[in-house]
Amino acid sequence: MIAPHTAPPSAPEPLWRPSAERAAAARLTRFHAWAAERHGAPAPVEGDPVASYAALHAWSVAELGPFWRAIVEWFDVRLTGPEGTVLGERTMPGAAWFPGVTLNYAEHALRTAEDPARAGEPALLRVDERHEPEPVSWAELRARVGSLAGELRALGVRPGDRISGYLPNVPEAVIALLATAAVGAVWTSCAPDFGARSVLDRFQQVEPVVLFAVDGYRYGGKVHDRAATVAELREGLPSLRAVVHVPLLGSAPPEGALEWEALTTSGAPPVFEPVPFDHPLWVLYSSGTTGLPKAIVHSQGGILLEHLKQIGLHCDLGAGDRLFWYTSTGWMMWNFLVSALLTGTTAVLYDGSPGHPDTAAQWRVAERTRATVFGTSAAYVMACGKADVHPGRDLDLSATRCVATTGSPLPPDGFRWLHEEVAADLWIASVSGGTDVCSCFAGAVPTLPVYTGELQAPCLGTDLRSFGPDGDALRDEVGELVVTAPMPSMPVRFWNDPDGSRYHDSYFAMFPGVWRHGDWTTLTSRGTVVIHGRSDSTLNRQGVRMGSADIYEAVERLPEIRESLVIGVEQPDGGYWMPLFVRLAEGAALDDALRERIRRTIRAALSPRHLPDEIIEIPGVPHTLTGKRLEVPVKRLLQGARLESAVNPGSVDDPELLRFFERLARERAVVSGGDYGG
């Protein structure tokens, strides 16, 4: 059976509700009225934004053609060709969007530069650990993209060729991506804190013809030279025709490399290659914790429409606004951040440590850049609470109307901390999506109330459901997060998956024709969404399944616990072992008193059924390179798998942390006198 959602049956009071004036001014409100008049959407419900959004959402998933046509017209998307058919094939996988139509993502990202009144405004704000914003104007961005696109064509780059970037979150990375898209080539990137093996595991799959690479980067107050790593990449990528040296540390280009400045200063206007709607825009990668990372291909048209909807309506951003999301080029949120340009929004690019020189660093960046929306991780919010940070008291965050979090569910205490320590009138948007769609399934809605611990609603055009094991739809119960209708930004394919079998097996094997994402979720009767953690790392005590996120939310309230990891291990004798691993805060000790406090906290917040069998101190929690806890690989190690078969070390932030679990499994096997786990 599946454990019921633990929220009380009576509707709680919202933590925050937008004022009537704020809801009325939201772009989503104006879009709804316009879509009702022009495209058959249901009329807004006067004075009831909750009912209005519910009606608009229901229409957006029942009438995919009219809804996405409305998005095209509302955002003035430049399509060429027959526009009569929005969705030629509705099946999943294999949905065919806007057949016969051509467009170009980069053209839309640079449209604001065509407006003489705005050409001199900042398109990008570059920020490093000095926290001094440096603007790149729309005019300069357009000129550099035009110059670089022309040079790529001169190098023989053609539509469909792959261009790779080993770059941090700096304007050069944005320029390279947009020039790649302008040519119709396919972008792919990794952050420079990735080691050579991790990068090659990704780039070798797509065989890039050009590599943009930095000489190094600065992080945590230190300089990190990457010359040797770049040399390894050049050696390991025989498909390269050219390497472009980006001298962030000021070094001379290595032998045979082209100079960034020489390629980006000709002043040539950009030429935008018209490409089919489903033409590849970029390749993103799954975490790749076992085997090679999946190379996920997204389309120019699908990303264009999905990001216009998400940033322009759900984030409520447009001309004059600024989006700051703490991210790196190795994570999908960087691609999402670049798409702020589609709506005329300034993208804030922060290249540095999230906590340098102190924990309040990201808040300081939001203050200095006057960020309208500040996106960060749930882990950062919780760390700020424990570090006694007071952003609302100590900084001027009057420009920031929304703080959004992703990467993992934001615990209720995180909602309360933001409400109390940033601003009582702060819009808190916990969002959930994935690299797989490079967008959000549920999260920010500017017209809806915010309930503690819950995402506001499913996103427009996303037919989000919660399914039980037999495919029955659930309400107010935990189930598998599924999407039952196509989204434009679902992958067009995986790279090197000619028959589509790997793509099919990743999302459609459990419920044929339905996207299963791999998260536990609850859709509440109020229309809100709760994310409980990954379903592929489910905990199962006495036949009741639960999400690990519920455990983390309870345990990490304690000031002594810096981070935790809970694993459910099926044993060969039919038993079930559920240890809780804890990384302690500085100065804390895991004594009997703390163990009892942890158990008491879990019992009070969840139930006695959730109590771990053991509580074990660890030096740190291992994560993927994008910050997700490695629950499944650790489980495999505890079941006796060898490290090399349980995880790809190149996908882990600190592979040495996994040795602890490998040793623990070995010790327990000796104690039990058998092959522990097998």
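Numerical summary
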quantity	calculated
Whichever aspartates and glutamates have a C-alpha closer than 14 Å to that of K222, once near sequence neighbours (fewer than 8 apart) are set aside	D128, E129, D193, D351
Net charge contributed by nearby residues that have their C-beta within less than 15 Å of H356 (K/R +1, D/E -1)	-1
The stretch 346-385, accessible surface, carbon-and-sulfur percent (1.4 angstrom probe)	51
FRET efficiency, R416 to A228 (Cβ-Cβ, R0 41 Å, nearest 0.05)	0.30
Lys/Arg +1, Asp/Glu -1 at C-beta; the stretch 186-305 dipole; positive extreme among I296, V271, A231	I296
Neighbourhood charge, 13 Å Cβ-Cβ cut-off, centred on K635 and excluding it, Lys, Arg +1 and Asp, Glu -1	-1
Relative packing of 161-174, 379-392, which averages over residues the other C-beta atoms within 10 Å, highest first	161-174, 379-392
Accessible area per residue, Å², the stretch 239-357 with all protein chains present, probe 1.4 Å	28
Residue-by-residue Karplus 3J(HN,Hα) for the stretch 608-618, coefficients 6.51, -1.76, 1.60, Hz, glycine and proline x	x, 5, 8, 5, x, 6, 9, 10, 10, 6, 10
More than 26 Å apart - percent of Cα-Cα pairs taken over the stretch 204-330	44
Förster radius 56 Å - calculated FRET efficiency between D591 and A43, Cβ distance, rounded to 0.05	0.35
Built amide H within the under 5 Å cut-off of R562, gap 5+	R583, L584, A585
Aspartates and glutamates whose Cα lies under 16 Å from that of K294, excluding same-chain neighbours fewer than 8 positions away	D201, E207, D436, D497, D499, D505
Rounded to the nearest 20 debye, dipole of the stretch 6-109 from Cβ charges on Lys, Arg, Asp, Glu	100
Percent accessible area from carbon and sulfur atoms, the stretch 394-540, protein chains only, probe 1.4 Å	46
Label assignment, mean projected area of the Cα convex hull in nm² derived from the structure, set (1) 42.2; (2) 40.3; (3) 28.8	(3)
A399/A424 FRET efficiency (R0 22 Å; Cβ-Cβ; nearest 0.05)	0.85
The stretch 415-472, accessible area per residue, ligands and nucleic acids excluded (1.4 Å, Å²)	24
Linear extension gain, D388 paired with T91, 0.36 nm per residue minus alpha-carbon span	101.9 nm
Estimated vicinal HN-Hα couplings, Hz - the stretch 122-139 in sequence order (Karplus 6.51, -1.76, 1.60; Gly, Pro = x)	x, 7, 10, 10, 8, 9, 10, 6, 7, 6, 10, x, 10, x, 10, 6, 4, 5
Built amide H within the under 5 Å cut-off of W282, gap 5+	W187, H298
Under Karplus coefficients 6.51, -1.76 and 1.60, residue-wise ³J(HN,Hα) of the stretch 98-112 in Hz, glycine/proline x	6, x, x, 8, 10, 6, 8, 4, 5, 4, 6, 5, 10, 4, 4
Debye, to nearest 20: dipole size of the stretch 596-637, +1 on Lys, Arg Cβ, -1 on Asp, Glu Cβ	180
Long-range amide H partners of D519 with built H, under 5 Å	L481, S535
Distance in nm between pseudo-label sites at A509 and A117 (7 Å out along the Cβ direction from Cα)	5.5
Charge dipole magnitude, Cβ of K and R +1, D and E -1 - the chain, Cα centre, debye nearest 20	360
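The values are calculated or read from the model by the stated rules, or taken from the named source; none is laboratory data. Only a predicted model underlies this, so the values are computations on that prediction, with no experimental measurement involved. All Cβ positions, glycine included, derive from the backbone under ideal geometry; neighbour counts span all protein chains shown. Remember, those area values only see protein heavy atoms, side chains included, never the ligands or the DNA or RNA. Shrake-Rupley method; radii C 1.70, N 1.55, O 1.52, S 1.80 Å.
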